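The block underneath contains the structure these notes are about, expressed in structure tokens.
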Amino acid sequence: GKAGDTLVMPDDRVISPAIRANAAWEIQNVTDFAARMVADKSYTLLDIGANVGLFSRQLGNKVSNIERFICVEPDQTNFRALRYNLSALGDRVKFCNLALAAEDGAAEIFRDRENIGNYSLNPDAMRGRPYATATIQMRDTRAWMLETVGTDGPLLWKSDTQGHDEAIIAATPIEIWQRIDVA
């Protein structure tokens, strides 16, 4: 961001120290992603597992041709930080406080106590790590995609759901996949 911009970052032992040290998070990933975008296209970024919005914020600061951001984050604490961190984008952002799944309902999310980037519907993602749980809302992936993402325009896909990506990918309608330029 620009000098003086602020960021809400829950303190942890993995992501927040890296942000303080580098003033960025996995910037090479953002740079590589941006390099694959077509400069004269206007995109919608679908950020599934948006966490606190670092990827969307950094990509939005790097390129000017993202017209709309759709950010999906089920965890309440990360969602509040996400809303703050992307507030400068105004009405270009649709915030969705839910998880994508096979059907609508509620589920338990596993929250790594030391890494805010390791929250998952998959208990195996904890692998002996200290964690807490919370109840989150889920939406049927196929129905949500068709309702929320729409049926036209080029898409950018970022998904980071700690072991649940495959289920979301498998349930995403082909009409959505045919529009994705960069994933």
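Could you grab the pairs with beta carbons closer than 8 Å, sequence gap of 6+ or different chains, first residue in segment 89-104 and touching a residue at least 40 places away in the same chain (Cβ under 8 Å) and open to solvent by 20 Å² or more (accessible area, probe 1.4 Å), second one of a type in the set (Val, Ile, Thr) and part of a helix (DSSP H, G or I)?
Cβ pairs passing all conditions: 94/148; 102/141.
If the Cβ limit is 9 Å and pairs must be 6+ apart or interchain, which residue in segment 161-179 that is at positive phi pairs with which residue that is open to solvent by 30 Å² or more (accessible area, probe 1.4 Å)?
162/119; 162/121; 162/122; 163/121; 163/122; 163/124
What residue, among those in segment 1-27 that are more than 19 Å from residue 50 (Cβ to Cβ) and assigned to a helix (DSSP H, G or I), is most open to solvent (accessible area, probe 1.4 Å)?
Per the stated criteria, the residue is 20.
Is it fair to say residue 76 is open to solvent by 70 Å² or more (accessible area, probe 1.4 Å), over 13 Å from the mean Cα position of the chain (by Cα) and closer than 23 Å to residue 176 by Cα?
Details: open to solvent by 70 Å² or more (accessible area, probe 1.4 Å): yes; over 13 Å from the mean Cα position of the chain (by Cα): yes; closer than 23 Å to residue 176 by Cα: no.
Considered against the rule, which asks whether it is open to solvent by 70 Å² or more (accessible area, probe 1.4 Å), over 13 Å from the mean Cα position of the chain (by Cα) and closer than 23 Å to residue 176 by Cα, residue 76 comes out as no.
In segment 140-170, what residues are in a loop (DSSP other than H, G, I, E, B) and within 30 Å of residue 39 (Cα to Cα)? Quick ask: steps written out before the conclusion?
Within segment 140-170, the subset in a loop (DSSP other than H, G, I, E, B) is 150-154, 160-164.
The answer is 150, 151, 152, 153, 154, 160, 161.
The values are calculated or read from the model by the stated rules, or taken from the named source; none is laboratory data. For clarity, every value in this text was computed on a predicted model and none was experimentally measured. Quick reminder, even Gly has a Cβ in these numbers, built from the backbone with ideal geometry, and neighbours come from all protein chains shown. The area values use the complete protein model at the heavy-atom level, side chains included, leaving out ligands, DNA and RNA. Shrake-Rupley method; radii C 1.70, N 1.55, O 1.52, S 1.80 Å.
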